[in-house]
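Undergrad: Okay, here's the structure, questions in a sec.
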Amino acid sequence: MSDAKRTALVTGSTSGIGLAIAGKFVAMGYDVAVNSFEPEADVAGVMQQLRAGATGRVAYYQADLADGEASHALVKRVIADFGSLEVLVNNAGIQKVAPIEALPPSDWDRIVAVSLDSAFHTIRGAIEGMAQAGWGRIINIASAHGLRASPYKSAYVATKHGVVGLTKTVALEVAERGVTVNAICPGYVWTPLVAQQVKDQAAVHNCSEDEVIRQVILAPQPTRQFVQPEEIAELAAYLCSDWARSITGSAISIDGGWTAK
Ligand code: NAD
C-alpha cells in the first residue's frame, strides 16, 4: 500500500494542529479534504497556502461538526468526490474553561458534540470502506486530558477520555482488517485554542496572561515548552506509514512528560 493513492480527511483543519497535519499530508502527496465550519470564502488564504506545491488534490468542505448528520454527510461527500477514504483524522475540538456550576449546559453539549460525537459519526461513515479495502488509518486527536484531569475543564476532560475509549473500542473491532485506530494525546500545543484558553484562565484565576502561561498552562508539562503543531503532524504521518501497522488502540502521549507523573 505504500505507493498507493491515499485520500485523507482532516476535520477542523483550517487552524492549529489540524492545519499542520493537513499541510504534512499535502507534502506527502496525499489528496486532502480540509474541513471547518467556516464559509469557504473565509478560509481562502489557508487553502491557497495548503495548495502551494501540492501534487495531490486539496479540497475544502464546510461542515459544522456539532451536527451529527453533517459529520456523517461530510465523510460521504469526501468518499463520493475522491472515490475512497484511506485516512481519517478526527481533530476538530473546542474548549471552555469554567467551574462546573458555571458551565452552561449548551457549552457542555457543544463540546461533547464537536469533539466526541462527531468522531463517532465520521468513523461510522468511513470504517466500512477501509475494512473492505483492507487498509485504513483513523487518528483521533485526544489530549493529555484524555488521560489526566484538570479543574474547570469538565466537558473537555470527559470528552477526551471518551475519545480514548472510542479509539480503543473501534481498534478492537477492525484489528484483523488492516485498519489501525489510535489517539494522539498532546500536552499544550501553541495554537489559537490555547491562546484563547490563556485569556479564559487569566479571568478564572484572576492573574495576568504571562502568569497563566508559567504557573498554570506549562506547570504540568515538565519540559516547560509548548509542543509545536508540526510535531503532532510528524507523529500522524508516522502512524499512516506501513511501519506503524502494529500500533493500534493506543493513546500516544506527546506531552513533554506530563503524563509520566
Ligand atoms: P484550533 O482552535 O487552532 O483549531 C480548531 C479547528 O477546529 C479549526 O480549524 C476550527 O475551524 C475547527 N472547528 C472548531 N469547531 C468546529 C466545528 N463545529 N465544526 C468543524 N470544525 C470546527 O485548535 P487546536 O489547538 O489546533 O486543537 C485541535 C485539536 O487538538 C482539538 O481537538 C484539541 O482539543 C486538541 N488538543 C489541542 C491541544 C492544544 O494545546 N492546542 C492540546 C491537546 C489536544
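The values are calculated or read from the model by the stated rules, or taken from the named source; none is laboratory data. As the structure is a computational prediction, the values presented were derived from the model and not from experiment. So basically every Cβ, Gly included, is an ideal-geometry build from the backbone, and we count neighbours across all protein chains shown. Ligands, DNA and RNA are stripped out before the accessible areas are found, and what is left, the full protein with its side chains, is counted by its heavy atoms. Shrake-Rupley method; radii C 1.70, N 1.55, O 1.52, S 1.80 Å.
Undergrad: Kindly indicate the residue of region 186-201 that is within 7 Å of the ligand (Cβ to nearest atom) and crowded, with 19+ Cβ neighbours inside 10 Å and also nearest to Ala133 (Cα to Cα) among those meeting that condition.
TA: Pro186
Results for (1) in contact with a Pro (Cβ under 8 Å, 6 or more places away or on another chain); (2) under 30 Å from Ile217 (Cα atoms); (3) not assigned by TED's automatic domain parsing to the domain that holds Ala66, shown as yes or no for each residue.
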| site | (1), (2), (3) |
| --- | --- |
| Ala133 | no, no, no |
| Ser143 | yes, yes, no |
| Leu166 | no, yes, no |
| Val174 | no, no, no |
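Undergrad: A further question on this structure: In this structure, is Ile94 in contact with a helix residue (DSSP H, G or I) (Cβ under 6 Å, 6 or more places away or on another chain) and either near the ligand (Cβ under 8 Å from one of its atoms) or aromatic (Phe, Trp, Tyr) (or both)?
TA: Judged against the criteria, Ile94 is a match.
Undergrad: Can you tell which of Ile100, Ile111, Ile123 is crowded, with 20+ Cβ neighbours inside 10 Å and over 17 Å from Ala33 (Cβ atoms)?
TA: On inspection, the qualifying residue turns out to be Ile111.
Undergrad: Output the residue which, of all residues in region 47-66 that are open to solvent by 70 Å² or more (accessible area, probe 1.4 Å) and at pLDDT 95 or above, is nearest to the ligand (Cβ to nearest atom).
TA: Gln62
Undergrad: Could I ask something else about it? Among Arg77, Arg137, Arg110, which is the only one that is closer than 30 Å to Gln228 by Cβ, of a type outside the set (A, V, I, L, M, F, W, C) and in a helix (DSSP H, G or I)?
TA: Exactly one of Arg77, Arg137, Arg110 is closer than 30 Å to Gln228 by Cβ, of a type outside the set (A, V, I, L, M, F, W, C) and in a helix (DSSP H, G or I), namely Arg110.
Undergrad: What residue, of Gln228, Gln221, is within 13 Å of the ligand (Cβ to nearest atom) and open to solvent by 20 Å² or more (accessible area, probe 1.4 Å)?
TA: Gln228
Undergrad: Tell me, which helices (runs of 4 or more DSSP H) wholly within region 142-244 include 2 or more residues that are closer than 18 Å to Ser118 by Cβ?
TA: In region 142-244, the matching helices (runs of 4 or more DSSP H) lie at 154-173.
Undergrad: Can you tell me which residue among Gly56, Gly45 is small (Gly, Ala, Ser) and either touching a strand residue (DSSP E or B) at 6+ places or on another chain (Cβ under 8 Å) or over 19 Å from Gly16 (Cα atoms) (or both)?
TA: Gly56
Undergrad: May I pose another question? For region 1-39, give me each residue that is modelled with pLDDT under 95 and hydrophobic (A, V, I, L, M, F, W, C).
TA: Hits for region 1-39 are Met1, Ala4.
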